[in-house]
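First comes the structure, then the notes that go with it.
Bear in mind these aren't lab numbers, they're just calculated from the coordinates by the rules spelled out. Computed from a prediction, not measured in an experiment: that's the story for all the values here. Reconstructed Cβ throughout: ideal geometry from the backbone, glycine too, with neighbour counts over all protein chains shown.
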Amino acid sequence: MSNTPASAAALAPIRALPEHGCPHAELLESLRALHGADVDWKGGRVFSLVYHAGDAHSAFLKEAHAQFFSENGLNPLAFQSLKRMEKEVMRMTATMLHGDSNAVGTMTSGGTESLLLAVKTYRDLARKKRPWIRRPNVVLPVSAHPAFDKAGHYFGVRLKKAPLDAEMRVDVKKLARLIDRNTVMIAASAPQYPHGVLDPIAELGELARAKGLPFHVDACVGGFLLPFLEKLGLPMPLWDFRIPGVTSISADIHKYGYAAKGASTITYRSIDYLKHQFFVATDFPGGIYVSPSMPGTRPGGPIAAAWAGLQALGEDGLVDLARRAWEATRKLRDGIASIDGLRLVTDDPATIVCWASADPALDTFAVADQMEDRGWLVDRQHRPTTIHLTVTANHLAIADHYIADLRASVAHVRAHPELRSRGNAAMYGLVARLPARGAVRLAVEKMVEQMYGPDDAQTVPGQDGPLAKLLEKYGERALSALDHFDSLKSRVLGGGK
């Protein structure tokens, strides 16, 4: 075997199981080659997806994860170790979120599962208490995570979305007007992902109590961060169980808890809510089937790694990581604010940075193109057009470098006014080439079809169709018209909001 590592592109595509088993060393070398094509997250050039607390902590998590590699949380009687660890993780989480001794919950595979469970739980609670509801709905901000949309799609729950105010927080009065007799829950974020601001949780908690509705706080991003920023002395509005109207909170350990991937939590104020999350089947010939969360098989590795990782860091370790993330956030915000032509969209006490062009002649996405050319992975957003950075402790070392490259990128775009955005899509979790913002469902669906279709090609479908030409010619006006049409169609076909 050659001593020169192969590249991912040089590996032949695999179409069927090999006739004979491959040598371990050869496969590990192939894995290293595949890994080499991934983004440089250790170097800090990506501002989402990975949360890194250092190589030593990562190595420790891998060891803890590997000890429970084969164990299965499906049967807590067989693997009592996993049930104990999950319970202790949930107790640590509930205490951190100021829940009392009645607070309970489960670990999940990630924030999406946590939000799916919240919607499913409160739908089923409403079915129990208000069986006349036939078209349940959830009232929430337009900035709420799309996992809520997924939950609505899966569970037959309609979403009624309230607009944001000038500070990108949900407008409480407008949200209140969306509540009707079919509403089964209210939801909001602490903070919301796109702009990093905390919704007015205290006001919403009062509204929820007045209406007699459950209130879920999506703190998947902030749950393991905001408590420690508060301990650092940052002015922090109340957002957790200290607000009486809050009935549940989701918080990802694999984000600012710096655990291994596949570890989130959903915590309820009491078992009176959690019991509606469970699924029980008694007629299966294979025996009684009980599931506390979405999956059947529940891998033990993420549970063990979360349990070990939280204790390894401890409160002082998480406070220090929060301090470094906040220091990096302030460096980035101060640097961006100092660049002529750019503006910060928000400035809340969370470690999310959101910036945009302050000059109509300066194309935000053209600047983003230049940053990509300099090796940065850029998260583009729309409605409004912005750039998003989720900042961690790992970014403190590269904050100055980012600002220097950003300053140079702005200068380059100003010096070359003929430059236009190359049309990178504003997509959460996936950077792909699509016409304009990629806000049209058909274009996105076609892209995903190609990525997951039978073809080996990894490119995005051609951009020379009528949709691409429309967007190229009319840009934002075309997208606004399409958005208006979708809204009108929703009102006509769906009975309005």
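Exposure proxy check: 39, 378, 217, 119 ranked by fewest other beta carbons within 10 Å?
39, 378, 119, 217
What is the extension gain from residue 149 to residue 56, computed as 0.36 nm multiplied by their sequence separation minus the C-alpha to C-alpha distance, in nm to one decimal?
Extra length available between residue 149 and residue 56 comes to 29.7 nm.
For every other residue with a beta carbon closer than 13 angstrom to the beta carbon of residue 374, add +1 if it is Lys or Arg and -1 if Asp or Glu, then tell me the sum. Don't jump to the answer; show the numbers that get you there.
Numbers: positive: 45, 407; negative: 40, 369, 372, 373, 405.
Taking every other residue near residue 374 into account, the sum is -3.
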Let me know the charge dipole size of the range 65-310 about its Cα centre in debye, to the nearest 20, where only the beta-carbon of Lys, Arg (+1) and Asp, Glu (-1) is charged. 840 debye
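Please compute the net charge surrounding residue 298, taking Lys and Arg as +1 and Asp and Glu as -1 over other residues with Cβ under 12 Å from its Cβ. It would help to have the intermediate numbers written out before the result.
Working: positive: 83; negative: 71, 86, 113.
Charge balance near residue 298 sits at -2.
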For the range 65-310, state the average projected area of the convex hull of the C-alpha atoms over all orientations, rounded to one decimal in nm². 13.5 nm²
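Please get the size of the charge dipole for the range 48-161, origin at its Cα centre, with Cβ charges of +1 on Lys and Arg and -1 on Asp and Glu, quoted in debye to the nearest 20.
Details: 17 positive and 9 negative charges, 222 e Å.
In debye, rounded to 20, the range 48-161 gives about 1060.
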Just need log10 I(q)/I(0) for the range 60-141 at q = 0.12, 0.24, 0.25 Å⁻¹, Debye formula, equal scatterers on the alpha-carbon atoms, no solvent, rounded to two decimals. -0.54, -1.23, -1.25
Size of the range 147-208 as Cα extents on the principal axes (Å, biggest first): 31, 24, 17
From zero up to wherever the largest Cα-Cα distance of the range 100-236 sits, split into 10 Å bins and tell me the percent of pairs in each. 12, 42, 36, 9, 1
Over 26 Å (Cα to Cα) - which of 42/255; 120/160; 161/331; 62/231; 42/261 fall in this group: 161/331; 62/231
